[in-house]
Amino acid sequence: MDKEKLVYLDGEYLPQSQAKLSVYDHGFLYGDGVFEGIRAYNGRVLKLKEHIDRLYASAKAIYLTIPVSKEEMFEIVLSSFRKNNITDGYCRLVVSRGVGDLGLDPKKSKNPSIICIANNIQLYPKEMYNVGIPIVTASQRRNKANAIDPQIKSLNYLNNILAKIEAGRCGVQEAVMLNEDGIVAECTGDNIFIVKDNIIYTPPISVGILEGITRNIFIDLAKKNGIETYEKEFTLFNLYNADECFLTGTGAEAMPVIKVDERIIGTGEVGAITKKLLELFHNLVRNEGEVIFK
Ligand code: PXG
């Protein structure tokens, strides 16, 4: 059996079977907390500062004060990879409101808990990255910013999980979610891009999406490589009639999409621009980021 991973829990690194939280933890009782998913490639943690900044921004939005500094959090993530001897892997960083009573009141939770789990993750089978995946549209709408803002990476993922269930019921791995107005927003754990006439489009934050860190890497890569790129609203019509489509996310990395709701996208094969960007991305992740073993 694999050696147990060490999990960071409130100041200690514990074997994962011993890393336990109270049943009174409000992260568990109410989904009251925030998280990040962070990847390491080739001994380097990708966009660690951006992930930590987003974690603190999410926490601020839900009125949660994280009990350690950003610098300390940086070290918690790096040590979690280091102590588990992981050079290529994934880390789930969670801050929960902490132990409270059986009422909603967050003031009763005096001590937010910090958890950092470093391990591996494989969201989709490897072969699929070469050929792309079919997706469907979820009937479940992405929640509105005036309910729970999708920019908050909160522990409440039911909106996305319900859409993921719909994908499964349709026999595919992923679903695209629209906002209230029928504008394409994002997938359940990834952002979406389309290519039309050699121009790249991805929904703007104002549509109601998580500002994906991988999304921002792709926007940058595309622009730096001379591909016209816009953050612009589009509908299912535009998605069905795109030449290419791909998804980006820390978990998913970059996944080509070859079919949406049974409509074949472009030629039905991974497009040239998608291929080029995937190559640039895989090159970037190996050579950028905070070094784990200094
Ligand atoms: N949209 C949503 C709703 C997400 O949850 C992204 C976009 C992509 O953001 P980043 O910053 O990762 O490029 C996410 C991220 C999982 C898993 O287990 C999901 C995410 C990240 C890691 C793992 O499905 N979602």
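The values are calculated or read from the model by the stated rules, or taken from the named source; none is laboratory data. Predicted model only: the values in this text are computed from it and were never measured. Ideal geometry is used to build each Cβ from the backbone, glycine not excepted, and the neighbour counts take in all protein chains shown. Quick note on the areas: whole protein, heavy atoms, side chains included, nothing else; ligands and nucleic acids left out. Shrake-Rupley method; radii C 1.70, N 1.55, O 1.52, S 1.80 Å.
Restricting 200, 219, 292 to residues that are outside the structural domain of residue 153 (by TED's automatic domain parsing), of a type in the set (A, V, I, L, M) and more than 24 Å from residue 125 (Cβ to Cβ) narrows the list to 292. The residue that is least open to solvent (accessible area, probe 1.4 Å), counting only those in region 257-279 that are touching a strand residue (DSSP E or B) at 6+ places or on another chain (Cβ under 6 Å) and within 16 Å of the ligand (Cβ to nearest atom), is 257.
Taken over region 220-241, the residue count meeting the criterion of being open to solvent by 30 Å² or more (accessible area, probe 1.4 Å), among the hydroxyl-bearing types (Ser, Thr, Tyr) and either under 19 Å from residue 285 (Cβ atoms) or not in a helix (DSSP H, G or I) (or both) is 2. Under the condition of being closer than 25 Å to residue 270 by Cβ and loosely packed, with under 15 Cβ neighbours inside 10 Å, which residue from region 171-208 is nearest to the ligand (Cβ to nearest atom)? Looking at the filtered set, the residue picked out is 171. Among the residues of region 130-147, the ones that are over 22 Å from residue 165 (Cβ atoms) and either open to solvent by 80 Å² or more (accessible area, probe 1.4 Å) or basic (Lys, Arg) (or both) come to 3 in all. Within the bounds of region 61-82, is there any residue that is within 20 Å of residue 281 (Cβ to Cβ) and surrounded by 19 or more Cβ atoms within 10 Å (Cβ to Cβ)? For region 61-82, residues within 20 Å of residue 281 (Cβ to Cβ) and surrounded by 19 or more Cβ atoms within 10 Å (Cβ to Cβ): absent. Looking across 274, 214, 248, 188, one residue alone is hydroxyl-bearing (Ser, Thr, Tyr) and touching a Pro at 6+ places or on another chain (Cβ under 7 Å). It is 274. Taken over region 110-129, the residue count meeting the criterion of being open to solvent by 90 Å² or more (accessible area, probe 1.4 Å), modelled with pLDDT of 95 or more and of a type in the set (S, T, N, Q) is 1. Of the strands (runs of 3 or more DSSP E) contained entirely in region 67-172, those carrying at least 3 residues that are in contact (Cβ under 8 Å) with a residue 40 or more places away in the chain and more than 30 Å from residue 235 (Cα to Cα) fall at 89-96, 113-119. The residue that is surrounded by the fewest Cβ atoms within 10 Å (Cβ to Cβ), counting only those in region 1-30 that are within 16 Å of residue 93 (Cβ to Cβ) and among the small types (Gly, Ala, Ser), is 11. Would you say residue 92 is open to solvent by 60 Å² or more (accessible area, probe 1.4 Å), under 24 Å from residue 148 (Cα atoms) and either charged (D, E, K, R) or modelled with pLDDT under 95 (or both)? Criteria met by residue 92. Candidates are the residues of region 209-219 that are crowded, with 20+ Cβ neighbours inside 10 Å and assigned to a loop (DSSP other than H, G, I, E, B); the one that is farthest from the ligand (Cβ to nearest atom) is 209. Sub-6 Å Cβ pairs linking a first residue in region 22-37 that is assigned by TED's automatic domain parsing to the domain that holds residue 54 to a second residue that is at pLDDT below 95, at least 6 apart or interchain, are 37/251, ordered by first then second residue. Across region 32-60, what is the total count of residues that are out of contact with any Gly (no Cβ under 8 Å at 6 or more places or on another chain), away from the ligand (no atom under 12 Å from the Cβ), open to solvent by 20 Å² or more (accessible area, probe 1.4 Å) and not in a helix (DSSP H, G or I)? The number of residues fulfilling the criteria is 2.
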